[in-house]
Amino acid sequence: MSDMNPFVSHLEGAIDGARLEPNQVHTLHEGRPIWVRYDLEQVAQRMTKELVASREPTLWRYRELLPAGERIVSLGEGMSPVLPCPRLGSAMGANDLWIKDESQLPTGSFKSRGLAMAITMAHHFGIERVAIPSAGNAGGAAAAYAARAGMECYVFMPEDTPVINQYEAAMAGAKTYLVNGLINDCGRIVKEGMDQMGWFDLSTLKEPYRIEGKKTMGLELAEQFQWELPDVVLYPTGGGTGLIGMWKAFAELGAMGWLASDKRPRMYSVQSTGCAPIARAFERGERFAELFPHAESMARGIRVPVAVGDFMILDAVRESGGQAVAVDEARLPDWMRQAVSSEGISLCPESAACVGALESLLASGDIKPDERVVIFNTGAAQKYLEVMQTELPKLDCTQPIDYATL
Ligand SMILES: *Cc1c(COP(=O)(O)O)cnc(C)c1O
């Protein structure tokens, strides 16, 4: 049974620090998420930077810092490139701008990191049926990894989820349903169906392992920058797993003595004015967020009106000296077009919000022009046909072409 990483020391309730047994199935503890803890001293003895560098360029190269044992469910995920963005940077007045491009991961988004780990662990515990509420990309990734593991998967999405997300989940064999509500309504359907359907709930932060998968974004970032972290990370925030995971990664690397200095990035949690529960709680100085009413955003991945890990996001943002901000929903398509056309990176509307945040944080002086800034591009633009849609001019090939007018 125990095919788990032997360096996992225990699990821990995030709300009260309670120590929990690692070798059993967990969901929430006291209604709140659970951390995976490692014996970092032991890890530091066993794992070296050279050893990591000698391994395949996937997220599994950090296996001593991940919960899984030998048997993994994988589609070859990671490492994603971290790309310099001089053209976009100079247009914005940021002289050291980078985008870490997660659109290149399996199923076209960083959701594959979390779900590779969650499905691997579910598989390890003998779970055969999973269910997930999804605002878009999580459903596609869950469906793909469930198929890979030979598991049954149920996906519940808002009915206006981007069509590619709907079809990719269905194509991968998941029983996919469109719900006339938001992701929290989908989450309730999963929760209330648990007893009757016997499925395991893969919701964001409702099992302990998706954070560990998303943590690998932070581990990679550190390695790709030679263990010297950037000054600023801009992260589009829905449920917050990625931001929470990265902050945990930096803490673990720091404790292992792997980082070049004590510097940690200021973490900026970025949302849209259409749905900004975390930004609102940050502004009010609160640790827990309230349900954001009438949530609406074309950036579906960050249209999450309530997050079970709200305090974990806000703690990380405050500890880091960053902020939680909301940018103008109406300008997302412009920022998206600007980033894609100036750098060629397939930027999703969620990450377009980070471009907008960079603009305003530079203007306010919160980010300085020479600081090293990393934007996470969490998904591929191609998944958002509804946002990309544009009318193209037509040419009649039976007539002479008037080239001067092209
Ligand atoms: C899910 C998602 C997000 C939000 O991620 P969290 O880690 O849950 O905050 C951002 N962008 C895209 C494209 C997503 O699919």
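Here, each number is a calculation from the coordinates, and none is a lab measurement. All of these numbers come straight from a predicted model, not from anything done at the bench. Counting neighbours? That spans all protein chains shown, and the Cβs are built from the backbone with ideal geometry, glycine included.
Cross-link pairs exceeding 29 Å between alpha carbons, from the set 100/394; 100/191; 191/263; 49/368; 111/175; 49/383: 100/394; 100/191; 191/263; 49/368; 49/383. Residue 283 sits among other residues whose Cβ lies under 15 Å from its own Cβ, and their net charge, with Lys and Arg +1 and Asp and Glu -1, is 0. Checking a compactness column here: for the range 136-205, what do you get for Rg(Cα) / (2.2 N^0.38 Å), N being the number of residues? In units of the globular-protein estimate, the range 136-205 measures up at 1.01.
Principal axis extents of the Cα atoms in the range 271-381, from largest to smallest and rounded to whole angstrom, are 38, 32, 20. Label separation (residue 50 vs residue 75): 3.6 nm, computed from points 7 Å beyond Cα along the C-beta direction.
You can think of it this way: the chain between residue 225 and residue 189 has 8.7 nm of extra reach, that is 0.36 nm per residue less the Cα-Cα gap. Placing unit charges on the Cβ atoms of the charged side chains and taking the dipole of the chain about its Cα centre, the candidate lying farthest along the positive direction among 200, 399, 123 is 123.
Free of any GluC sites (Glu not before Pro) that DSSP assigns to a loop and that have at most 11 other C-beta atoms within 10 Å, the longest stretch within the chain is 229-390. Considering only alpha-carbon pairs that sit under 8 angstrom and 6 or more positions apart, the relative contact order computed for the range 33-117 is 23 percent. Calculated on C-alpha atoms, the gyration radius of the range 1-159 divided by its Kirkwood radius gives an Rg/Rh of 1.02. Within the range 261-313, the trypsin sites (Lys or Arg not before Pro) that combine a DSSP coil assignment with at most 15 other C-beta atoms in a 10 angstrom radius are 263, 284, 287. Over the C-alpha trace of the range 345-401, radius of gyration and Dmax come out as 18.0, 57 angstrom. The relative contact order of the chain comes to 17 percent, based on Cα pairs under 8 Å that sit 6 or more residues apart.
Using only side-chain charges placed at the Cβ, +1 for Lys and Arg and -1 for Asp and Glu, the dipole size of the chain relative to its Cα centre rounds to 380 debye. With the convex hull drawn around the C-alpha atoms of the range 211-306, the volume per residue stands at 105 Å³. Look at 217, 267, 256 and count the other Cβ atoms within 10 Å of each Cβ; fewest to most, that gives 256, 267, 217. Here, the range 25-106 has an Rg and a Dmax of 17.8, 49 Å when only alpha carbons are counted. Local charge for residue 216 was computed over the other residues whose Cβ lies under 15 Å away, with Lys and Arg +1 and Asp and Glu -1, and equals +1. Ordering 397, 85, 348, 354 by the number of other Cβ atoms within 10 Å of each residue's own Cβ, fewest first, gives 397, 85, 354, 348.
Comparing Cα centroids, the range 339-373 and the range 100-172 end up 28 angstrom apart. The relative contact order of the range 74-132, computed from alpha carbon pairs under 8 Å that lie at least 6 residues apart in sequence, is 30 percent. Quantify how much of the Cα-Cα distance distribution of the chain extends past 35 Å, in percent. That tail contains 23 percent of the Cα-Cα pairs.
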